[in-house]
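Undergrad: Let me begin by handing over the structure; questions about it come next.
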Amino acid sequence: MIALRPLLVAYVVVWYLRRRASRKIADTLRRQRHQEEQNLELERSVRERTAELERSHAQLGERTAQLSSAKEELETRLHELATAHNQLVQAEKLQAVGQLAAGIAHEINTPIQFVGDSLHFLKEAFVGYKRLIGQYRRAVEALALEASGAGQVLVSELQRIEEDVDMPYLEANVPTSFVSCMEGIFRISTIVESMKEFAQPDQREKSPADLNHALQATLVVAKNDYASVAEVTTDWATCRLCSVTWAT
């Protein structure tokens, strides 16, 4: 027993050391496993967080695209609304102008008829006046051959008055003045009628329309805008504009 005691002590020491080493190794392995588990948990958390951030980024991009599309649509609607508002305002202005034009055309048309009728009467009266003047001249010529004294004085006075009023000039130019006045009255009447065409209220029902008449009325009303820069020649037989010559 005494001889075996050192061996027994050595065995116990070796056993204790091996057990202690085993515990240290086990603790080390346990700590490593724990660290690996923590690392895996951290890695999994990072992956989940990354995926969540990617989903949030995708959702943010999709939402941004939706907002951008909504903004463009809103801008388009606002532009359409502004255009419709401007068109409505313009339509109301045109309606007001049309009503005013209709009233003005009606007011102008009546005195134009009076003036036209009066000019026509004066033109016919001047024709009779010329015939009467011709007879007066023949009577004066006959009186000049036969009269003496007071008769000669009367003949001289008539001849002087005829020279003062320049009868040949009047006889040559008064008829052309009547023609010019009648053309002016016709021109005014045509413009008034064209204005009345534009002043008519809109019709919801479809009905036949005379395109030639509409084009003619448009050209009459718009002549002031193009007369100084172009000369329009029309061909209503084929319902087309033959040519437009621009002024240089």
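Undergrad: So how much slack lies between ALA84 and GLN99, counting 0.36 nm per residue of separation and subtracting their Cα-Cα distance, in nm?
TA: Net length gain for the segment: 3.2 nm.
Undergrad: Right, another one. So what J values fall out for region 60-76 if you push phi through Karplus, 6.51 cos²θ - 1.76 cosθ + 1.60 with θ = phi - 60°, rounded to Hz, Gly and Pro as x?
TA: The phi angles translate into 5, x, 5, 5, 4, 5, 4, 5, 5, 5, 5, 5, 5, 5, 5, 4, 4 Hz.
Undergrad: What full-extension length gain, to one decimal in nm, is calculated for LEU215 and HIS57 as 0.36 nm per residue of separation minus the Cα-Cα distance? Please list the in-between numbers first.
TA: On the way: separation 158, 0.36 × 158 = 56.88 nm, distance 6.26 nm.
Between LEU215 and HIS57, full extension yields an extra 50.6 nm.
Undergrad: Classify region 34-77 from the C-alpha gyration tensor, please: rounded if a/c falls under 1.5, else prolate or oblate depending on whether a/b exceeds b/c.
TA: It is prolate, given that a/c is not under 1.5 and a/b is the larger ratio.
Undergrad: Can you give the accessible area of TYR226 in Å² (nearest 10), computed on protein heavy atoms with a 1.4 Å probe?
TA: About 50 Å², rounded to the nearest 10.
Undergrad: Turning to a different aspect of this structure: For region 149-189, what is one quarter of the convex hull surface built on the Cα atoms, given in nm²?
TA: Averaged projected hull area, Cα only: 3.5 nm².
Undergrad: Along the Cα-to-Cβ line of GLU73, 7 Å from the Cα, sits a label point; which residues in region 23-64 have backbone N less than 15 Å from it?
TA: Taking a point 7 Å out along Cα→Cβ of GLU73, the residues of region 23-64 whose backbone N falls under 15 Å are 63-64.
The values are calculated or read from the model by the stated rules, or taken from the named source; none is laboratory data. Model, not experiment: these values are computed from the prediction. Positions of Cβ are backbone-derived with ideal geometry, glycine not excepted, and every protein chain shown enters the neighbour counts. SASA here: full protein model, heavy atoms, side chains in, ligands and nucleic acids out. Shrake-Rupley method; radii C 1.70, N 1.55, O 1.52, S 1.80 Å.
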